[in-house]
Amino acid sequence: MSAVIQPADEREASLAGIGVSRLRKEDARFIQGKGNYVDDIKLPGMLHMDIVRSPIAHGRIKRINKEAALAIPGVHAVLTADDLKPLKLHWMPTLAGDVAAVLADEKVHFQMQEVAIVIADDRYIAADAAEAVEVEYEELPVVIDPYDALLPDAPVLREDLAGKTSGAHGPREHHNHIFTWDAGDLAAADAAFAAAPIKVEQHMHYPRVHPCPLETCGCVASFDPIRGELTTYITSQAPHVVRTVVSMLSGVPESKVRIVSPDIGGGFGNKVGIYPGYVCAIVASIVLGRPVKWIEDRIENISSTAFARDYHMDGQLAATEDGKILGLKVNVVADHGAFDACADPTKFPAGLFHICSGSYDIAAAHCSVKGVYTNKAPGGVAYRCSFRVTEAVYLIERMVDVLAQRLNIDKAEIRRRNFIRKEQFPYTSAFGFEYDSGDYHPALEKVLDAVDYPALRAEQAARRADPNSPTLMGIGLVSFTEIVGAGPSKMCDILGVGMFDSCEIRIHPTGSAIARMGTITQGQGHQTTYAQIIATELGIPSEVIQVEEGDTSTAPYGLGTYGSRSTPVAGAAIAMAARKIHAKARKIAAHMLEVSESDLDWEVDRFKVRGDDSKFKTMADVAWQAYHQPPAGLEPGLEAVHYYDPPNFTFPFGIYLCVVDIDRATGETKIRRFYALDDCGTRINPMIIEGQIHGGLTEGFAVAMGQQMPFDAQGNLLGNTLMDYFLPTAVETPKWETDYTVTPSPHHPIGAKGVAESPHVGSIPTFNAAVVDAFAHVGVTHLDMPHTAFRVWQALKAHNLAI
Amino acid sequence: MAKKLISVTVNGKLEERAVEPRTLLIHFLREELNLTGAHIGCETSHCGACTVDVDGVSVKSCTHLAVQCDGAHVTTVEGLANKGVLHAVQEGFYKEHGLQCGFCTPGMLMRASNFLKENPNPSEDEIRMGMSGNLCRCTGYQNIVKAVQYAARKLQEAPAA
Ligand code: FES
Ligand code: FES
């Protein structure tokens with residue numbers, strides 16, 4: 001062999017593996033209008049479903065008249081709870097251990113609740129028919145405030161739970177109480193507070209918001225009565241879980257249920273739940289024996305599927321005079337709406353909220369979360385975050401600022417004094433989480449240097465000293481630690497299924513490959529990045545690796561994509577499956593080169609005989625051999641499956657800084673600068689990471705500065721269109737500066753931690769801190785979001801700062 | 001409902017169809033002509049996912065009736081590339097990572113291509129304003145701005161024939 005051997009670094013570059021900003025494989029179809037989203041699917045004989053919804057928030061259904069609707073030509077059926085009753089499908093179990101009405105059963109519990117469905121030839125006729133269904137209601141008193149809901153004489157919302165003194169998460173102490181969940185050590189926290197010289201407390205409300213992906217939810221259900229098979233194309237972030245639930249509900253064996261998540265137009269937690277609309281479309285398809293499409297409109301989306309947050313929080317910190325935190329106590333009243341339909345791991349009714357000790361070394365901590373029913377839509381999903389981590393980070397970051405203000409310590413300095421130090425990792429928090437790795441101090445200094453923090457503070461002091469300044473200046477600084485990659489099955493399950501994830505890789509005879517995972521991309525670029533992991537592990541160019549997800553008939557079972565779990569869990573499964581293939585490939589290469597395995601070195605894309613670069617076999621050579629003539633005793637073929645049950649969560653972190661200028665005349669807040677440093681461990685594709693961070697920061701900006709779902713006393717949702725619900729345009733959206741450090745996860749096979757939710761989790765308290773900081777000199781310690789111009793102007797008025 | 005016959009040139013091809021007067025252009029394109037590139041994100045003119053070109057003007061096809069297009073020339077994202085060669089905005093979105101889930105992308109591309117006709121050499125602020133009728137929930141717009149800048153440069157270097 002005399003050919004010149006291409007240098008290893010050139011071969012490595014041609015793989016486009018881990019660390020490369022590889023352009024996205026999925027883009028070709030999207031930029032040419034060839035994506036395949038659920039609403040793009042058209043099946044022969046397909047009918048359309050629309051939903052009749054309640055105009056009131058609480059009431060008894062006295063009468064439903066279908067006649068006029070059924071009389072419209074092209075209408076095939078109108079179904080109500082009474083029609084679903086014989087099938088026992090008028091109620092369904094929720095992921096949180098409660099039940100939720102599929103169609104309102106005698107009573108409606110929130111405005112826009114599903115009351116009846118109509119099935120018609122096209123969506124126009126279906127909409128006409130939905131209008132024509134007459135429903136008569138008897139109104140009942142409405143409860144909107146969760147504190148009011150717990151008053152002794154509050155109206156009973158869930159009559160179906162009468163007499164149930166305990167729920168899925170322990171005793172119920174009131175007819176509108178769902179659960180009380182505790183974590184940490186109350187006695188230890190009380191002792192820390194008793195001994196501490198300094199104590200601060202703050203009440204805050206994290207408003208109800210909605211993830212609002214650009215594509216709404218929907219499905220096309222198709223039951224084949226001859227084969228007894230049900231296929232459903234669905235906007236789901238967790239198709240395998242949907243398959244299990246659909247099988248349980250419908251009685252169709254899981255082997256005859258096929259769930260396909262095709263291209264998904266953004267999820268952000270909105271597409272984790274299993275909604276009445278899906279169930280109804282499936283039932284309608286089974287009943288009528290024809291495919292049925294249901295696509296919700298935007299108003300339905302915001303009103304009825306998957307709100308997030310709505311946490312009323314009381315935080316307390318105990319500390320020394322010089323700002324060392326000694327104890328943390330948190331009490332939360334959580335507004336869950338009419339049914340407890342939170343999408344959390346089964347054992348955690350408040351998700352991972354007990355990450356609320358944050359990036360700090362706090363010896364004693366306790367939190368208690370009380371879930372309450374109100375006349376609002378169910379949900380409680382993780383809006384671009386990992387199970388209530390956003391609420392937790394918001395709470396602790398607000399509290400640390402409150403403490404800093406009380407002690408007159410700089411907000412960077414108080415964090416330095418309380419950070420978990422590098423040498424403390426792995427660090428076990430007072431709530432029992434083992435933080436895998438972190439290095440907070442240098443990350444903080446890097447950000448402070450990048451923005452010249454002392455200069456900013458000096459500028460702010462000068463601005464404050466000038467009574468005629470037209471603007472107030474605020475600096476928000478946040479250090480967050482996330483907990484993602486749910487999760488170890490000893491702690492985390494959904495309906496009893498452990499939260500592992502999976503990967504199957506097949507290397508074809510000519511050296512290209514296909515890989516399938518239990519996750520599903522909704523814009524994260526899995527088809528690009530997953531291939532990069534395999535490219536690096538197996539030395540095959542990522543260009544020839546096909547990645548497929550979302551079809552339960554072909555992909556191995558996995559729990560799906562949410563809570564930043566794809567890279568931490570499925571990414572690990574990919575590396576482990578690849579390593580199984582690598583081990584077999586080594587045996588084959590040794591056989592081909594007639595040496596023992598231990599005489600082989602792996603280099604980029606090949607096994608070579610130690611000491612002789614000219615004697616090698618590439619992975620492609622090995623693949624051919626595996627199918628052509630495998631060594632005696634080895635099975636033919638080259639493929640592997642791995643189900644990865646993570647030993648722990650991963651703990652990405654970051655330091656964010658924001659500078660705002662608030663117009664004292666109008667209350668308008670201008671984001672002058674936003675600097676985001678993220679540490680997500682090993683970086684697979686920096687371009688995609690940066691894109692995810694931009695997107696998460698923009699969603700965080702929306703939450704902090706404008707999003708809310710306001711209700712009036714009658715339970716009317718006052719902002720359920722894009723006219724009222726704030727989605728920033730390119731004009732309002734700030735420009736983002738990004739930076740990073742790399743602290744790999746020690747337990748993840750490639751050291752990656754997950755990233756896409758960090759910017760949402762981290763940025764919201766940063767914007768908030770910046771706005772509050774603008775008012776700090778007049779003694780303000782907290783302002784609730786959203787910081788719309790009107791609300792900020794009200795705060796300016798209240799503190800005599802308006803001009 | 002009585003139907004009305006319309007003829008519309010869509011992506012260069014004359015289409016004659018009988019439609020209900022209430023049929024929205026977006027449904028005409030997606031369901032009648034199977035051009036599913038343009039999407040529906042709101043049906044209230046806010047999101048721009050349904051943006052197409054009607055006689056050289058950016059139109060939100062969710063609030064435009066198909067009958068209004070009788071005799072018109074409509075271009076959708078499917079008609080943006082020229083004989084298999086990507087339009088500069090398509091290339092820009094790909095090269096600058098201007099898309100994630102892709103749902104807003106067809107509308108963004110149609111708006112961007114039209115915007116660059118209105119303003120071939122825009123500033124960043126002009127791009128942000130010119131694209132502000134199109135919402136994206138994924139990208140945070142920074143790379144969309146870069147994508148439009150990329151396309152502007154490319155179009156200036158080699159003006160379309
Ligand atoms: S669907 Fe037309 S603007 Fe949103
Ligand atoms: S790429 Fe998802 S909405 Fe723009």
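The values are calculated or read from the model by the stated rules, or taken from the named source; none is laboratory data. As the structure is a computational prediction, the values presented were derived from the model and not from experiment. Cβ placement follows ideal geometry from the backbone for every residue including glycine, while neighbour counts extend to all protein chains displayed. Heads up: the accessible areas ignore ligands, DNA and RNA and are worked out on the full protein's heavy atoms, side chains in. Shrake-Rupley method; radii C 1.70, N 1.55, O 1.52, S 1.80 Å.
Quick rundown of the values:
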{"read-out": "Net charge of Cβ neighbours under 11 Å - reference A:Val622; Lys, Arg +1; Asp, Glu -1", "value": "+3"}
{"read-out": "Lys pairs under 17 Å by Cα in the stretch A:482-618, provided they are eight or more residues apart or on distinct chains", "value": "6"}
{"read-out": "Computed E for A:Glu423/A:Ile5 - FRET, C-beta separation, R0 60 angstrom, nearest 0.05", "value": "0.85"}
{"read-out": "Principal-axis tilt of helix B:142-157 within chain B, Cα atoms, nearest 10 degrees", "value": "90"}
{"read-out": "Debye intensity ratio in log₁₀ form over the Cα atoms of chain A, taken at each q of 0.06, 0.07, 0.09, 0.11 Å⁻¹", "value": "-0.40, -0.55, -0.89, -1.24"}
{"read-out": "Dipole of the protein assembly as shown [Lys/Arg +1, Asp/Glu -1 at C-beta], most positive-end residue of A:Ala789, A:Ser598, A:Ile18", "value": "A:Ser598"}
{"read-out": "Compactness index (Cα Rg / 2.2 N^0.38 Å), the stretch A:105-251", "value": "1.57"}
{"read-out": "Sequence-distant aspartates and glutamates (8 or more away, or on other chains) whose Cα lies within less than 14 Å of A:Lys256", "value": "A:Asp224, A:Glu229, A:Asp551"}
{"read-out": "Alpha-carbon radius of gyration plus Dmax, which is the widest Cα pair, for chain B in Å", "value": "15.6, 52"}
{"read-out": "Using alpha carbons only: equivalent-ellipsoid semi-axes of the stretch B:88-157, gyration tensor based, whole Å", "value": "17, 13, 10"}
{"read-out": "Per-residue [θ]222 nm for the protein assembly as shown (sum of -39500 (n - 2.57) over DSSP H runs n ≥ 4, rounded to 500)", "value": "-8500 deg cm²/dmol"}
{"read-out": "In order through the stretch A:499-506: 3J(HN,Hα) via Karplus (6.51 cos²θ - 1.76 cosθ + 1.60), integer Hz, x for Gly, Pro", "value": "8, 6, 9, 9, 8, 10, 10, 10"}
{"read-out": "Nearest-20 debye value, the stretch B:88-157 charge dipole, Cβ charges on Lys, Arg, Asp, Glu", "value": "160"}
{"read-out": "Within 10 Å of each Cβ in A:297-305, the average number of Cβ atoms from other chains", "value": "2"}
{"read-out": "In nm, spacing of pseudo-spin labels at B:Val85 and A:Ser512 (7 Å Cα→C-beta vector)", "value": "2.7"}
{"read-out": "Of the DSSP H helices in chain A, those whose Cα atoms cover at least 15 Å axially and whose Kyte score averages 0.5 or more", "value": "A:239-250, A:276-288, A:389-407, A:686-705, A:758-774"}
{"read-out": "Förster radius 45 Å - calculated FRET efficiency between A:His203 and A:Asp449, Cβ distance, rounded to 0.05", "value": "0.80"}
{"read-out": "The stretch B:4-77, dipole about Cα centre (Lys/Arg Cβ +1, Asp/Glu Cβ -1), debye to the nearest 20", "value": "80"}
{"read-out": "Rg over Rh, two decimals, the stretch A:597-681 (C-alpha only, Kirkwood Rh)", "value": "1.42"}
{"read-out": "Within straight-line cross-link reach of A:Lys164, lysines at Cα separation under 28 Å, skipping those fewer than 8 residues along the same chain", "value": "A:Lys62, A:Lys85, A:Lys88, A:Lys107, A:Lys347, A:Lys370, A:Lys376"}
{"read-out": "Cross-link reach list, lysines versus B:Lys146, counting only Cα pairs under 26 Å and skipping chain neighbours closer than eight places", "value": "A:Lys25, A:Lys34, A:Lys670, A:Lys735, B:Lys60, B:Lys83, B:Lys95, B:Lys117, B:Lys154"}
{"read-out": "Cut-off 12 Å between beta-carbons: net charge of the residues surrounding A:Gln527, Lys and Arg +1, Asp and Glu -1", "value": "-1"}
{"read-out": "Most to least accessible of A:Arg683, B:Arg30 (protein chains only, probe 1.4 Å)", "value": "A:Arg683, B:Arg30"}
{"read-out": "Estimated FRET transfer efficiency (A:Glu106, A:Glu254; beta-carbon r; R0 41 Å; 0.05)", "value": "0.80"}
{"read-out": "Heavy atoms of A:Asp182: accessible area, 1.4 Å probe, square angstrom to 10", "value": "80"}
{"read-out": "Dipole-positive endmost among A:Phe348, A:Leu722, A:Ile533 within the protein assembly as shown (Cβ charges, Cα centre)", "value": "A:Ile533"}
{"read-out": "³J(HN,Hα) computed for each position of the stretch A:366-371 - Karplus, 6.51 cos²θ - 1.76 cosθ + 1.60, integer Hz, glycine/proline x", "value": "8, 9, 9, 10, 10, x"}
{"read-out": "Listed residues A:Ile226, A:Gln111, A:Gly170: farthest to the positive end of the dipole of the stretch A:98-249 (Cβ charges)", "value": "A:Gly170"}
{"read-out": "The stretch A:129-221: GluC sites (Glu not before Pro) falling in loop per DSSP and having at most 15 other Cβ within 10 Å", "value": "A:Glu173"}
{"read-out": "Kirkwood-Stokes translational diffusion coefficient of the stretch B:24-91, alpha-carbon pairs, 37 °C, 0.692 mPa s, µm²/s", "value": "268"}
{"read-out": "Compactness of the stretch B:1-55, expressed as Rg and Dmax over alpha-carbon positions, Å", "value": "11.7, 31"}
{"read-out": "Full-stretch length increase - A:Glu134, A:Leu718 - with 0.36 nm per residue and alpha-carbon distance subtracted", "value": "207.8 nm"}
{"read-out": "Relative contact order [Cα under 8 Å, 6+ residues apart], the stretch B:88-157, whole percent", "value": "56"}
{"read-out": "Contour excess over end-to-end distance, with Cα ends at A:Asn800 and A:Asp599 and 0.36 nm allotted per residue", "value": "64.5 nm"}
{"read-out": "Intensity falloff of the stretch A:419-463 expressed as log10 I(q)/I(0), Debye formula with alpha-carbon point scatterers, at q = 0.19, 0.27, 0.29 Å⁻¹", "value": "-0.66, -0.90, -0.97"}
{"read-out": "Range of Cα positions in the stretch A:259-372 per principal axis (Å), largest first", "value": "71, 29, 27"}
{"read-out": "Whole-percent carbon and sulfur share, accessible surface of the stretch B:20-161, 1.4 Å", "value": "51"}
{"read-out": "A:Lys34 accessible area, 1.4 Å probe, all protein chains in place, Å² to nearest 10", "value": "130"}
{"read-out": "All-pairs Cα distance distribution in the stretch A:615-727, expressed in whole percent, bin size 10 Å", "value": "9, 20, 20, 19, 12, 10, 8, 2, 0"}
{"read-out": "DSSP-loop trypsin sites (Lys or Arg not before Pro) across the stretch A:178-245, with at most 13 other Cβ within 10 angstrom", "value": "A:Arg227"}
{"read-out": "Between the stretch A:199-260 and the stretch A:293-339, the Cα center-to-center distance that results, in Å", "value": "23"}
{"read-out": "Gained length - A:Ala195 relative to A:Thr666, 0.36 nm times residue gap less alpha-carbon distance", "value": "165.0 nm"}
{"read-out": "Charge context of A:Asp679, other residues only, Cβ under 11 angstrom, K/R +1, D/E -1", "value": "-1"}
